[in-house]
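Down below is the structure, laid out as structure tokens.
The values are calculated or read from the model by the stated rules, or taken from the named source; none is laboratory data. On a predicted model such as this, the values are computed, not experimentally measured, just so you know. For neighbour counting, all protein chains shown are included, and Cβ atoms are generated from backbone atoms with ideal geometry for every residue, glycine included.
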């Protein structure tokens, strides 16, 4: 039965060792490209940059790890920590002007970087952002005139969480923030034989899965689960096993992989697809 295959998948994920979950997060394209900035920029400046890049990670030209993060990050002088958000607009506006949905992305860029929330984060250190993390989520939704549960908002909050983790700040509550449901998350559900549902039901499905995983890993958040699901969502079975082995899943890797024998037809859409 499809439900039992999903249940087995969740049970196996609960057995993954903590180092494997940590490795999953650090293997995200946004971690790899943004981590060097965390070493040289003031935290608030770095956090605002990460959030605005996350807000515009949708409908990209090719896969996010090829067509978005490396291209936009290379335009930003790492050693030159900007003194005000306006400088980030000047750097990033030409890039977004040449992207898909260009005007919408330029508007989002200016809306966030011109906001009171941006200025608040800009002047904050990591401990302050961590302490107010739960409040920042709805504030970001209001700033962008979107529901906080929208996937672009949820993904931008994941980017903010990654920024905190990069500076060894883990004292923040990510519990209420949903998985950003995109094509790869839906692909995992489909490959486990689950029926396609609306976005709210899909979020609930994976939040329930996270609750079960947290029985073995109380420290787990949706950050780690989303990273793993996104990374394996559209891989061929042999690639799923190789990816899990590389993360440190050990003998759990083939047991998880066998659940992914049914591939979803159709090409990967490329980006995080956080629209």
Practice problem: Within segment 104-116, identify whether any single residue is farther than 27 Å from residue 76 by Cα and part of a helix (DSSP H, G or I), and answer yes or no. | Solution: no
Quiz item: For segment 207-218, how many residues are within 13 Å of residue 20 (Cβ to Cβ) and not in a helix (DSSP H, G or I)?
Solution: 2
Practice problem: Could you please let me know if residue 173 is within 27 Å of residue 39 (Cβ to Cβ), touching a residue at least 12 places away in the same chain (Cβ under 8 Å) and in a loop (DSSP other than H, G, I, E, B)? | Solution: yes
Quiz item: Within segment 228-235, is there a residue that is modelled with pLDDT of 90 or more and either closer than 12 Å to residue 20 by Cβ or in the same structural domain as residue 61 (by TED's automatic domain parsing) (or both)?
Solution: yes
Practice problem: Take the residues in segment 228-243 that are in contact (Cβ under 8 Å) with a residue 40 or more places away in the chain and assigned to a helix (DSSP H, G or I), then tell me which one is nearest to residue 184 (Cα to Cα). | Solution: 230
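For residue 189, are the conditions met, namely being modelled with pLDDT of 90 or more, out of contact with any strand residue (DSSP E or B) (no Cβ under 8 Å at 6 or more places or on another chain) and within 21 Å of residue 214 (Cβ to Cβ)? Even if it seems obvious, please write down each step before you answer.
On the way: modelled with pLDDT of 90 or more: yes; out of contact with any strand residue (DSSP E or B) (no Cβ under 8 Å at 6 or more places or on another chain): yes; within 21 Å of residue 214 (Cβ to Cβ): yes.
Answer is yes for this residue.
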Exercise. Return yes when residue 72 is assigned to a helix (DSSP H, G or I), within 27 Å of residue 233 (Cβ to Cβ) and not assigned by TED's automatic domain parsing to the domain that holds residue 245 and no when it is not.
Key: yes
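Would you mind finding the one in 142, 203, 212, 135 that is surrounded by fewer than 22 Cβ atoms within 10 Å (Cβ to Cβ), out of contact with any strand residue (DSSP E or B) (no Cβ under 7 Å at 6 or more places or on another chain) and modelled with pLDDT under 95?
Of the residues listed, the single one that is surrounded by fewer than 22 Cβ atoms within 10 Å (Cβ to Cβ), out of contact with any strand residue (DSSP E or B) (no Cβ under 7 Å at 6 or more places or on another chain) and modelled with pLDDT under 95 is 203.
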Practice problem: Take segment 126-168 and flag every residue that is farther than 23 Å from residue 22 by Cα and not in a helix (DSSP H, G or I). | Solution: 132, 144, 145, 146, 147, 148, 149, 150
Quiz item: Got a sec? Which of 96, 58 is buried (at least 19 other Cβ atoms within 10 Å of the Cβ) and in a helix (DSSP H, G or I)?
Solution: 96
